[in-house]
Amino acid sequence: MRLFVALIAVVALVSAQTLLQTGPNKTATVTFGPGYIQINETRYSIPNSTYTWINIPSSSPSRAVVGLSYPFSACSLSQQPTSFLIQCPENHRIIVVYAASPGYSLYCDQQPTSQQAEGLVRVLEFNVLRLSCSLSQSSLSANVGPYGPLVVALGSATIALSVTIAGLILAMIIKQREGGASSQ
């Protein structure tokens, strides 16, 4: 029995899970552990490091699940409802891994030295003294609601069609002028 309880405690330390808001009344289960973050059934590889995982906002389900890797003994972390701040006495490597709700992203006040994106997961790497990041909502997603992808696709198709029509009209005008000039 004690071995079973110890095994459960080790599994809890190795992996944990939380909920991420993915739409109105929709959530995704986010599981994270050494070297991975999994959203529902899709697993993404992340740099194998020790992370502190936070939810933004801290209530569940959250709009972002963020993993932070930094020298824990040298730096300090402070968290607000929609942001966090890491301060270090000297430049340190800080890795920020996050998965955000559609229409949301993490904005940091420093440029990352490297970044990767796969699906809903982003990996940002910094070498800084101080890093302040906050959750932001894109203005497009705020205005288009749950039909965001459809509105964006229709908008893109409208622009492409307008450019094509303008090109055809311009080609007709040029051809007509060439025809008029050759007849004179």
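The values are calculated or read from the model by the stated rules, or taken from the named source; none is laboratory data. Just so you know, these numbers come straight off a predicted model, no measurement behind them. As a convention, Cβ positions derive from the backbone with ideal geometry for all residues, glycine included, and neighbour counts pool all protein chains shown. What goes into the accessible areas is simple: the full protein's heavy atoms, side chains included, and nothing from ligands, DNA or RNA. Shrake-Rupley method; radii C 1.70, N 1.55, O 1.52, S 1.80 Å.
For the range 17-137, the fraction of C-alpha pairs more than 18 angstrom apart is 47%. Under a 5 Å amide H cut-off, with hydrogens placed 1.01 Å from N, Tyr44 pairs with Ile37, Gln38, Ile39 among residues at least 5 apart or on other chains. Between Ser134 and Asn48, the simple spin-label model (points 7 angstrom out along Cα→Cβ) gives 3.8 nm.
At a threshold of 8 angstrom on Cα-Cα distance, excluding pairs fewer than six apart, so keeping six or more, what relative contact order does the range 17-137 reach in percent? 21 percent. Below 8 Å, C-alpha to C-alpha, sequence gap of six or more: please give me the relative contact order for the range 10-80 in percent. Value for the range 10-80: 23 percent. In order along the range 27-42, the Karplus-derived 3J(HN,Hα) couplings, from 6.51 cos²θ - 1.76 cosθ + 1.60 at θ = phi - 60°, round to 9, 10, 7, 10, 10, 9, x, x, x, 8, 9, 10, 10, 6, 9, 9 Hz, and Gly and Pro are given as x.
In terms of solvent-accessible area of protein heavy atoms at a 1.4 angstrom probe, what is the ranking of Tyr104, Tyr70, highest value first? List each step's numbers first, then the result.
Numbers: Tyr104 55, Tyr70 25 Å².
Result, largest first: Tyr104, Tyr70.
Amide H to amide H distances under 5 Å link Ser49 with Gly35, where only residues 5 or more positions off or on other chains count and H is placed in the peptide plane.
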